[in-house]
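Chemist: I'd like to ask some things about the structure below.
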Amino acid sequence: MSNTSDQEGSKKGWGPAKSRRKDGSFRHPLPLLGRGRAARSPGPQASARGQGSESPDTGSSSGGDRSEDRSSQSAAPKSAGSLLRDVSGVVQWMRDTLGQSDDFVVRGFSVFGRFPAALFFFSAMVELTVVNEDILRPLMAGPAHPRDRELSPPELKKILLDETIYHCETQLEPDPQKVQEAVLRGETAIVVEGMDEAILIDTRTIEKRSVDQPETEQVIRGARDGFIELISTNISLLRYRLQTPDFRVKMIQLGRESKIKTAVCYIEGVVNPELVKEVWERMSKITIDAVEAAGYIEQLIEDHHTSPFPQVQNTERPDKAVASLLEGRVVILTDGTPFALIVPAVFAQFLQTIDDYSERFLMASMVRTIRFVALIFSLIFPSLYVSLISYNPELIPTRFAVAVAGGRAGVPFPAVIEVLIMEIAIEVLREATIRMPEQVGGALSIVGALVIGQAAVSAGFASPITVVVVALTTIGSFATPAYSAAVALRMLRFPLTILAGMFGLYGVMIGLIAISNHLLSLRSFGVPYFSPLVPTDWQGIKDTLLRSPLWTLTKRPAHLFTRNPTRVGKKTIQAMMRPTGSPLQPSKYLKKEGGAGAGSKADHHNPSDGGGH
């Protein structure tokens, strides 16, 4: 009896003949539940993985090929279809490559009670209720009509997808290597005996924080939602604001080991196709073991890697990302990070906020002017102070010069050393404040600045005017909206101060000329960094240092060469130029005749109209 069953199982390709142990006993090839190393069979069992030499080609979305040592260990056999038809072979191969993890689950069962099958998933990444109720239960019970007839693999595949599985996000995958990658992403894979394709079901559930206001970009009149770490939620926040059929999302996987999903978002019909092509090509060339944050991608796709100035803008705000998409830019989202990347980026973008467009143009223009003044303060104020004190005191008013000289009477250091010491102390305090817990960070920044400033003046390390100059410089750097641009300006203060200490005002001018030449030489995906100032675009200048009324910003940025440059329609422009109506003008409702007015007043207070005195 046992020999007969062994022969029948051998003919089907899944019977005990393939599960014979060394001692001659038999075991079921698909145990009901297997986890990690406890479910791994003894011995090397390298037959399924020793044949392949390289991983199957996953296209440009793979983010780079695997290294040779990794491919020799985990690559699937060349005959991918034949492997998927043999459930026991798939189980053995998956256990050989993934079986060292205790949260890896292999569930053996029979589809409709007739077809051997196996379920693969990581228990920590899936919703077990969905796996049990929407996948496993219907597969084991199944519809009634196919039970009494033979089913070919195509018919079985159609019944499973169309009539059995209670889940909408399903797909077929013939490549075993991609099946394994899907399981690692948190999907559930089903392999059925005789079928040359595995069924992948998106059952991933990851704990996530709620959508909240971004902490790095505070606004007054803007939206209060921000990106989170889950890429699907971030895409939904963009689609919520862009309910247009032209919004496109292209997915790509980056990282040989991490295989992080990254989305390239743009609006077709607005963005220049060459820009999308260039972004995709740069990202396809990224070959790295893992992409831990969006900053990895930023550093790998920017044009000038040695420049201190950012050429890719990042944001946590969905409304800012949508505004960039509408201008004709490309937004890059990365799974696992709440920051979106915006390309291309020009210098003017880092001085603008979403509040500039929520306020009226006069207020927005004033705020932008204040930011520009703060930028100048944060860059050149310390170096200008050093050059005037050290080389050109005659340019300072006499009374002020006397006060400054009296304050510096007991300071043993030259002005340049004095300023550098205070600047370094402030930077150390700033970094410590950022890394400290939030409950004590604010108190440390305020108390630390007061204590350090007062102690430095009392001990004779710095003069009062130096403390004031460094404080104004620090406040000016806080007024820069973009953190990456503020860091670049903070870093450039030090060489400017050293040049001022060596050559005075000539050194300051040399440093500013060098910085200007560097900014003019920068490109972000081919766009000049000083656009729209250089090269000059008068339409773009309306929205640079000052902000013109919204209805005058009729065109998208010319340096992006969008396919549809029109932003504001002609009807809006014509309506804004016409005089407005006055539906509630008092002269329309108040009668000029005094009698009519008195009569209406008497009618209003007539006691006979209900409730007389």
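Derivation of every value follows stated rules applied to the coordinates shown; laboratory data play no part. Fair warning: this is a prediction, and the values are worked out from it, not measured in the lab. Glycine gets a Cβ as well: all are built from the backbone with ideal geometry, and neighbour counts include every protein chain shown.
Chemist: Between residue 248 and residue 373, what is 0.36 nm times their sequence separation minus the Cα-Cα distance? Round to one decimal in nm.
Modeler: Value of the extension gain: 41.1 nm.
Chemist: Next question, about the same structure. List the pair-distance distribution P(r) of region 503-588, using every Cα-Cα distance, as the percent of pairs falling in each 10 Å bin from 0 up to the bin containing the longest distance, rounded to whole percents.
Modeler: 14, 28, 24, 16, 10, 6, 2, 0
Chemist: Is there a pair in 178/208; 208/250; 178/261; 208/277; 277/542; 178/259 whose C-alpha atoms are over 21 Å apart, and which pairs would that be?
Modeler: 178/208; 208/250; 208/277; 277/542
Chemist: Quick one: work out Rg over Rh on the C-alpha atoms of region 262-344, Rh as Kirkwood radius.
Modeler: 0.94
Chemist: Also, quick follow-up: With Cβ to Cβ distances under 9 Å as the rule, what net charge do the other residues near residue 265 carry (K, R +1; D, E -1)?
Modeler: Net charge around residue 265: +2.
Chemist: Hey, another quick one. In nm, to one decimal, how far is the modelled label at residue 257 from the one at residue 403, with both set 7 Å along Cα→Cβ?
Modeler: Here the answer is 6.0 nm between the modelled labels.
Chemist: Right, something else. For region 315-454, restrict the atom set to alpha-carbon positions and state the Rg and Dmax in Å.
Modeler: Here Rg and the maximum Cα pair distance are 21.2, 61 Å.
Chemist: Provide Rg and Dmax in Å for region 80-201, with only Cα atoms included in the calculation.
Modeler: Spelled out, the Cα radius of gyration and Dmax of region 80-201 are 13.4, 41 Å.
Chemist: Arranged from highest to lowest average of other beta-carbon atoms within 10 Å per residue, in what order do the peptides 541-547, 336-342 appear? Mind showing how you got there, number by number?
Modeler: Values: 541-547: 18.1, 336-342: 22.1.
In descending order of packing, they fall as 336-342, 541-547.
Chemist: Once you have the Cα-Cα distance between residue 519 and residue 438, take 0.36 nm times their residue separation minus that, and quote the gain in nm to one decimal.
Modeler: Here the answer is 25.6 nm.
Chemist: Report the FRET efficiency, 1/(1 + (r/R0)^6), for residue 155 and residue 114, where r is their Cβ-Cβ distance and R0 is 22 Å, rounded to 0.05.
Modeler: Taking R0 as 22 Å, the efficiency between residue 155 and residue 114 is 0.95.
Chemist: Using per-residue counts of other Cβ atoms within 10 Å, averaged over each peptide, order 373-379, 570-576 from highest down.
Modeler: 373-379, 570-576
Chemist: Okay, moving on. If you plug each phi of region 86-93 into the Karplus form 6.51 cos²θ - 1.76 cosθ + 1.60 with θ = phi - 60°, what whole-Hz ³J(HN,Hα) values come out, in order, with x for Gly and Pro?
Modeler: With coefficients 6.51, -1.76 and 1.60, one gets 9, 5, 5, x, 5, 4, 5, 5 Hz.
Chemist: Let me ask you something else. Please turn the phi angles of region 311-324 into ³J(HN,Hα) values with the Karplus equation 6.51 cos²θ - 1.76 cosθ + 1.60 (θ = phi - 60°), one per residue in order, whole Hz, x for glycine and proline.
Modeler: These are the phi-based 3J(HN,Hα) values: 10, 10, 8, 10, 8, 9, 9, x, 5, 5, 5, 5, 4, 5 Hz.
Chemist: Same structure again: Calculated FRET efficiency, residue 509 and residue 169, Cβ-Cβ r, R0 45 Å, to nearest 0.05? Working shown, then result.
Modeler: Numbers: r = 62 Å, r/R0 = 1.38.
For residue 509 and residue 169, the calculated efficiency is 0.15.
Chemist: Okay, next question. In square nanometres, what is one fourth of the surface area of the convex hull spanned by the alpha carbons of region 185-328? Don't skip to the end; give the middle numbers.
Modeler: On the way: hull surface 47.1 nm².
Over all viewing directions, region 185-328 projects a mean Cα-hull area of 11.8 nm².
Chemist: Could I ask something else about it? Over region 347-472, what relative contact order in percent results from Cα pairs under 8 Å that are six or more residues apart?
Modeler: Numbers: 66 pairs, mean separation 34.4, N = 126.
That works out to 27 percent.
Chemist: Sort 465-471, 344-350, 579-585 by packing, meaning the average of other beta carbons within 10 Å per residue, with the highest value first.
Modeler: In decreasing order of mean packing, 465-471, 344-350, 579-585 become 344-350, 465-471, 579-585.
Chemist: Pulled fully out, how much extra length does the chain show between residue 284 and residue 454, if you take 0.36 nm times their separation in residues and subtract their Cα-Cα distance?
Modeler: Additional length available on full extension: 55.8 nm.
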